[in-house]
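Participant: Let me give you the structure first, and then I'll get to my questions.
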Amino acid sequence: MSDLFQDYSEAAGRTGAYDEMFAPGQLARKSYGQVAGALRELSLTDVSARADSMARTFLDRGVTFDFAGEERPFPLDIVPRVIPADEWNVLERGVAQRVRALEAFLNDVYDKMTVVSDGVIPRQLVTTSAHFHRQVHGFEPAGGVRVHVSGIDVVRDAAGTFRVLEDNVRVPSGVSYVLENRRAMAKGLPEAFGQQLIRPVEEYPRRLLSALRKTAPSGVDDPTVVVLTPGVFNSAYFEHTLLAGLMGVELVEGRDLICRGNRVYMRTTAGEQRVDVIYKRIDDEFLDPLQFRADSMLGCPGLVNAARAGGVTIANAVGNGVADDKLVYSYVPDLIRYYLSEEPVIANVDTYRLEEKEAREHVLDRLDELVVKPVDGSGGKGLVIGPDASKDELEALRKRIIADPRGWIAQPVLQLSTVPTLSGDKFGPRHVDLRPFAVNDGEDVWVLPGGLTRVALKEGSLIVNSSQGGGSKDTWVLADSPQVPVEVIPRPTITVRERVSVWPVESNWRDSQKEQQQQQQVSAAQEVTANA
Amino acid sequence: MLSRIAESLFWIGRYVERADGTARILDVHLERLNHLPMEEQRSVAQELLAVMGARAQNEDFGLPELLNALAYDKQSATSIAGSLGAARENARRARETVSSGLWESLNTTYYGLNQHRKDVVGTYRFCNWVLERTAMVSGLADTTVSHDESWQFLVLGRSLERADMTARMLSTRDVLSAGMSWVNMLRCAGAYESFLRTRRAAFGDQHAAEFLLLDRLFPRSIVYALRDADECLAKLDPSAQRVGFINDARRIVGQARTFLEFHRTDDLMAELPEHMERVQKAVSQASDAISRKYFNQADELAWVGEVS
């Protein structure tokens with residue numbers, strides 16, 4: 001290893017976490033062989049020049065997130081996160097299983113609630129969830145799917161086991177960075193790509209579009225899909241534009257839409273055009289001022305009624321938030337057993353439900369050792385890490401927990417796995433998580449091979465959110481086929497088609513003479529060298 | 001205007017467009033090539049070179065040789081450096097007629113050719129730089145040269161070369177037939193987003209090829225480029241004939257364009273190789289006819305004499 005990795009093993013030892021790249025003793029794991037080889041060839045100047053150029057490309061392309069009103073490039077680290085095929089197969093199954101269970105749970109919750117009457121989950125827990133919306137109770141959404149797109153956050157604990165940290169089935173974001181990261185890495189670290197098959201991510205927009213079209217209201221032959229964005233000031237606006245662009249559909253704001261007769265239309269220069277599927281990237285609360293916040297300027301009045309009447313598909317469905325409530329999260333393994341009669345493939349992180357008296361007392365005694373999270377938060381908001389918090393913070397937290405035990409959960413502090421990350425003039429271990437994305441078209445749950453690996457750029461930090469100083473890594477899933485010698489890899493055959501001739505036969509005597517001359521020349525391109 | 005100057009302008013148009021097209025093709029395909037195992041990389045590199053109109057000299061021709069042949073080899077008119085050098089040479093011969101903006105941007109480009117690392121990462125940057133420079137050259141030509149006869153020659157060269165380059169982009173489909181070939185074809189032409197916006201769900205080789213070949217509104221499609229060339233030829237030689245054409249170039253370009261535009265087919269992909277071959281042939285014939293008519297009349301006269 002070059003001196004870029006000089007102090008690495010020592011620093012990695014300090015964290016006590018599982019390192020994705022190196023086994024103890026600084027031996028590169030098998031899946032990282034090629035990456036380690038490529039990095040070994042590079043000097044510090046090379047690495048920082050490439051890192052700079054990648055950052056500049058991101059800024060040029062507008063791959064930014066909005067932070068406190070300022071556009072910032074999303075930092076991409078040069079060392080990818082590599083997942084070997086066998087580990088990925090487990091993750092893929094686990095993610096798909098979870099999505100199917102949550103889908104079934106949501107259908108049940110907004111219908112008969114058998115899960116409650118069968119005693120799997122307390123009724124009160126469901127009805128007190130901030131995102132349980134009675135407005136959408138009692139109807140099956142057009143197309144029959146509620147969780148079209150989901151992002152299931154997983155982490156690897158110190159023992160190297162993957163665990164689910166949280167589910168995102170409302171508006172999971174970040175997939176645009178997956179697409180952009182791969183493009184940037186292909187140009188930033190080309191040496192690491194050859195010789196191994198990395199599963200492509202570029203089919204995501206097509207998968208998404210086909211799932212959205214498939215779940216259109218029945219009777220629509222050629223559905224019109226739109227992406228609904230809150231507007232340019234949203235932190236994920238870049239992602240909305242990218243997805244709309246790559247799917248080739250319109251990106252609309254609430255004011256572009258009109259609801260009439262339980263159908264949705266968009267205003268175009270050619271008059272009103274019917275919209276069949278809305279890929280919703282705004283929060284439920286802002287979607288429909290008739291049903292939710294009356295002061296919302298972002299939504300369109302009447303959407304919920306249109307969805308209820310089956311005139312439009314809203315993806316993801318309204319009211320999904322009840323499924324990614326963090327207290328419901330603690331029941332997901334039970335939900336998997338209840339709905340699918342399967343054992344969970346990926347375990348949860350141990351979670352204390354603070355509503356239960358014993359657990360609460362236990363937690364309140366050990367606040368300084370645990371992570372406490374609000375149940376409906378996202379983006380790392382409101383989360384308190386016990387060991388890092390001051391006495392005052394813990395005291396304030398204690399009061400808030402006692403005042404609203406339903407609002408919080410507690411988990412042990414997990415030492416998230418680490419990946420080498422460029423920091424200053426060397427690589428240091430930094431903690432990462434992983435958000436695989438799943439697309440559900442009603443028949444099949446497809447999991448994008450890879451997902452978004454977020455990395456906490458500050459040494460020792462466990463918070464990977466971009467709004468709190470996180471960056472990202474390209475995530476490579478190695479293909480299944482074992483590393484066979486390259487000669488044996490079958491070359492994709494060029495289909496031999498029979499030559500058909502459709503152009504008129506050249507009859508002009510001058511042309512045919514030219515043709516003879518042509519055949520003696522290799523090509524037009526060489527011919528023109530005569531000029532220069 | 002002088003034939004010699006007209007010829008120079010015609011070739012500035014062609015060479016700049018060729019550098020632009022080659023940079024686009026290289027940029028996109030380099031990404032693919034890099035993901036291939038060594039042995040396969042070699043054969044794909046050779047096929048790619050063949051699409052660009054040159055033949056590998058030996059069996060060992062691989063990625064580094066491809067980079068040299070398509071990007072850096074100043075001796076070859078197939079390469080980006082060769083094309084830009086030739087464009088600059090032509091501008092130097094016509095320096096008193098081209099605007100100083102156009103000349104300087106070509107000249108600066110020429111001197112910038114050496115300032116890049118010739119490895120894979122450097123080549124990506126090189127390609128991007130070339131695209132910026134060629135866009136600048138076309139922009140300056142557009143805004144600082146009167147749109148008179150000389151301008152028509154420049155645009156004529158550019159349009160013909162563009163048709164030829166798009167044909168080559170389409171031919172790269174055969175080179176990397178695994179995976180997302182149509183996405184690559186479109187990205188080569190910078191047409192990906194434009195294409196997606198015209199299709200609601202119908203993606204695939206056939207539609208992408210159709211778009212690059214036949215679209216009437218996308219400026220890099222072959223039909224569009226040939227129409228541009230046709231219009232230039234009409235403006236250069238406005239003599240209205242009641243019947244037929246005495247201008248060979250117009251006949252060749254017009255025949256190719258109308259054939260494509262009005263051609264109806266059920267299996268475009270099967271016919272694609274022939275279309276590409278004929279388009280490239282038409283471009284080179286038209287280029288010859290233009291040079292016989294406008295640049296090299298002596299040759300033309302001698303030739304006619306032989307017939308009579």
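Participant: Give me the net charge for the shell around A:Asp433: Cβ to Cβ below 13 angstrom, other residues only, Lys and Arg +1, Asp and Glu -1.
Facilitator: Values: positive: A:Arg81, A:Arg156, A:Arg163, A:Arg430, A:Arg435, A:Arg454, A:Lys473; negative: A:Glu20, A:Asp153, A:Asp157, A:Glu166.
Computed value for this residue: +3.
Participant: What is the average number of partner chain Cβ atoms found within 10 Å of a Cβ in B:34-42?
Facilitator: The per-residue average across the peptide is 6.
Participant: Residue-wise, which Karplus ³J(HN,Hα) couplings in Hz belong to region B:67-73, taking 6.51 cos²θ - 1.76 cosθ + 1.60, θ = phi - 60°, and x for glycine or proline?
Facilitator: 4, 5, 5, 9, 10, 10, 6
Participant: Roughly speaking, what % of Cα-Cα pairs in chain B are separated by over 36 Å, rounded to a whole number? Mind showing how you got there, number by number?
Facilitator: Numbers: 8175 of 47278 pairs.
Above the 36 Å cut-off, chain B has 17 percent of its Cα pairs.
Participant: Can you list the HN-Hα couplings for region A:22-36, worked out from phi with the Karplus curve (6.51, -1.76, 1.60; θ = phi - 60°), rounded to whole Hz and with x for Gly and Pro?
Facilitator: 10, 7, x, x, 6, 9, 5, 5, 4, 5, 9, x, 5, 5, 4
Participant: Same structure, new question: Quickly estimate the mean residue ellipticity at 222 nm for chain B, helices only: each DSSP H run with n ≥ 4 gives -39500 (n - 2.57), and the total goes over all residues, rounded to 500.
Facilitator: Rounded to the nearest 500, the figure is -23500 deg cm²/dmol.
Participant: Select from A:Tyr279, A:Tyr338, A:His362 the residue farthest towards the positive end of the dipole of region A:263-372; place +1 on Cβ of Lys and Arg, -1 on Cβ of Asp and Glu, and compute about the Cα centre.
Facilitator: Checked the options; the winner is A:Tyr279.
Participant: Counting other beta carbons within 10 Å of each residue's own, what order do A:Tyr237, A:Tyr110 fall into, fewest first?
Facilitator: A:Tyr237, A:Tyr110
Participant: When a/c is below 1.5 the answer is rounded, else prolate if a/b is larger than b/c, else oblate, so apply that to region B:126-278 with a ≥ b ≥ c taken from the square roots of the Cα gyration tensor eigenvalues.
Facilitator: Working: a/c = 2.27, a/b = 1.30, b/c = 1.75.
Because a/c hits 1.5 or more and a/b fails to exceed b/c, region B:126-278 counts as oblate.
Participant: Rounded, prolate or oblate: which fits region A:337-482 when a ≥ b ≥ c are the square roots of the eigenvalues of the alpha-carbon gyration tensor, with rounded for a/c under 1.5 and prolate only if a/b beats b/c?
Facilitator: On the way: a/c = 2.39, a/b = 1.26, b/c = 1.90.
Oblate.
Participant: Summing -39500 (n - 2.57) over the DSSP H runs of n ≥ 4 in chain A and dividing by its residue number, what mean residue ellipticity at 222 nm do you reach, to the nearest 500 deg cm²/dmol?
Facilitator: Helix-only estimate at 222 nm: -9000 deg cm²/dmol.
Participant: Return, for the Cα atoms of region A:266-325, the radius of gyration and Dmax in Å, separated by a comma.
Facilitator: That works out to 12.2, 43 Å for Rg and Dmax.
Participant: Please list the radius of gyration and Dmax for region B:60-125, considering alpha-carbon atoms only, with Å as the unit.
Facilitator: In Å, with Rg to one decimal and Dmax whole: 13.5, 46.
Participant: Can you say what percent of the DSSP beta bridges in the protein assembly as shown, counting only those with both residues inside, are antiparallel? Round to 5.
Facilitator: Details: 52 of 70 bridges.
Of all bridge pairs located within the protein assembly as shown, approximately 75 percent are antiparallel.
Participant: Classify chain A from the C-alpha gyration tensor, please: rounded if a/c falls under 1.5, else prolate or oblate depending on whether a/b exceeds b/c. Don't skip to the end; give the middle numbers.
Facilitator: Numbers: a/c = 2.00, a/b = 1.23, b/c = 1.62.
Taking the square roots of the gyration eigenvalues as a ≥ b ≥ c, chain A is oblate.
Participant: In addition: In the neighborhood of A:Ala104, defined by Cβ-to-Cβ distances under 14 Å, what is the net charge if each Lys or Arg adds +1 and each Asp or Glu adds -1? Don't skip to the answer; put the middle values down first.
Facilitator: Working: positive: A:Arg98, A:Arg100, A:Lys112, A:Arg146, A:Arg337; negative: A:Glu103, A:Asp108, A:Asp111, A:Asp118, A:Glu140, A:Asp167, A:Asp334, A:Glu342.
Computed value for this residue: -3.
Participant: By the scheme Lys and Arg +1, Asp and Glu -1, what is the net charge of all other residues having a beta-carbon under 15 Å from that of A:Leu179?
Facilitator: Local charge sum for A:Leu179: +3.
Participant: What does the charge dipole of chain A about its Cα centre add up to, to the nearest 20 debye, if the Cβ of each Lys and Arg holds +1 and the Cβ of each Asp and Glu holds -1?
Facilitator: 600 debye
Participant: Under 5 Å between amide hydrogens, which residues at least 5 positions from A:Thr421 or on another chain qualify, with H placed 1.01 Å from N in the peptide plane?
Facilitator: Amide H neighbours of A:Thr421: A:Gly428, A:Arg430.
Participant: Let me ask you something else. Could you go through region A:285-300 in sequence order and give the Karplus-derived ³J(HN,Hα) for each residue, using 6.51 cos²θ - 1.76 cosθ + 1.60 with θ = phi - 60°, rounded to whole Hz, and x for Gly and Pro?
Facilitator: Once rounded to whole Hz, the list reads 4, 9, 6, 9, x, 6, 10, 10, 5, 5, 8, 5, 9, 8, x, 9.
Laboratory data are not the source of any read-out in this text; all were calculated from the coordinates shown. Since the model is a prediction, treat every value here as computed from it, not as a measurement. Note: ideal-geometry Cβ built from the backbone for every residue, glycine included; neighbour counts use all protein chains shown.
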